[in-house]
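Inspection log for the structure reproduced underneath, given as C-alpha cells.
The values are calculated or read from the model by the stated rules, or taken from the named source; none is laboratory data. Here the structure is a predicted model, which is why all the values come from computation and not from measurement. Quick reminder, even Gly has a Cβ in these numbers, built from the backbone with ideal geometry, and neighbours come from all protein chains shown.
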C-alpha cells in the first residue's frame, strides 16, 4: 500500500496517477472530506475505470472520523478482495499519513492485510516555498479537514515532508533548485526527492522494505539529540540554537513572535523553570506556532533546542533573541525554586503542576 499525502489536490492526483500506472495490479482510492456538507467522498478506480464512487455522511467532518468510518474499512475490504496486489491511497488533502500508520502499528488484525510500503508526499514545484514557509492557513485555501481546522499550510506540509519516504515535486515553474533544496533540507537524509511525477516509480517502492513507522516517529521526535535538518544547499539556510537553560516564561510570552513570526520552519523542544520536569514541544512554519506538552525529561539532561530553516538571507536577529529569552544560569541553580501559580502558558500547556 502506498499512501499519498499533500496540501495541493492537483499535485496529489498527479502522484497517484503516476503510481497507479506503475504499480503491479493496483487499485487507486481517493478520499475527499466535504466539510460544509459533512460528507466523505470515496472514489475507487483501477486502469479499467471507476470501480466505486460513493458519499458517506460523517458524524463529524474530520480526519479521525473519516479514517474510522470509511478509509480504513475500505482499505481492509479492498485488500481482502483479491483482485489487486497493491493499493495507491490518496488521503484527504491536509490529512497526515501518521494517523494511518499509527492505527496499523496498534492493530495487528489490520496490519496482517495492510502494509504501508511507502508514504509519498506530493507538492507543486511552483508553490513549494509558499506551501512550506508561507502564512496561509488551510481555511484560507478552503482545504480544512474540519470546521475548526485552523492549521497553517506550512505546519502541515513540513510535517508531511518530514514523515515521507519519498517526496515528489509536480508541475509548476517556480525556482526548481531552491524548491528541491528546501525539501531535501527538511526531509530525512535518505529520502529521495523526485522532481518530475513522470519519474515517480511505484514498483521499487513496493519491492523494498516497508515503511518503518517507529523509525519515522523517532526521526520526528522533538527531543532527539541530533539536528532536525540536513545540511542546506544554495538558497536555503538553517540554524540550530541550543542551551541547557530554560526560557523565561514572561519574556517568552511577550516575545514569541521574534522567534516564530517569519517565513521559516522551526521545531524543537524547550523547558520552563515553572515546569522543569516536562520537555515542551515547539513547532511552526510561516509565522504559525504550536506549543505543546511533550514528555518527561526523565534521566535526560534538560535543554532548549530549536532548529530553523528558511530561504534567502538568514535573519540576523535569531541567535541574539534566543539568548535574550533564556533564564540566567544563576536563576536556576541548585536550591533555587520558582514559585508561581501561573506562567502564561496555561492556554497551551494546562495548569502548573509543580515548580522548580
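Structural remarks
- Reported count of residues in segment 196-213, each being touching a helix residue (DSSP H, G or I) at 6+ places or on another chain (Cβ under 7 Å) and under 13 Å from residue 120 (Cα atoms), is 5.
- Residue 223 vs. criteria touching a residue at least 40 places away in the same chain (Cβ under 8 Å) and loosely packed, with under 14 Cβ neighbours inside 10 Å: no
- Selection status of residue 206, in contact (Cβ under 8 Å) with a residue 40 or more places away in the chain, assigned to a helix (DSSP H, G or I), in the same structural domain as residue 89 (by TED's automatic domain parsing) and under 25 Å from residue 25 (Cβ atoms): yes
- Every residue from segment 61-75 that is in contact with a helix residue (DSSP H, G or I) (Cβ under 9 Å, 6 or more places away or on another chain) and surrounded by fewer than 16 Cβ atoms within 10 Å (Cβ to Cβ): 64, 68
- Among residues of segment 255-271, those that are closer than 13 Å to residue 322 by Cα and surrounded by fewer than 17 Cβ atoms within 10 Å (Cβ to Cβ), counted: 3
- Residue satisfying all of: in segment 344-356; at pLDDT 75 or above and out of contact with any strand residue (DSSP E or B) (no Cβ under 6 Å at 6 or more places or on another chain); farthest from residue 252 (Cα to Cα) among these: 353
- Comparison of 95, 105 shows that the only residue that is assigned by TED's automatic domain parsing to the domain that holds residue 149, under 30 Å from residue 185 (Cβ atoms) and more than 15 Å from the chain's Cα centre (by Cα) is 105.
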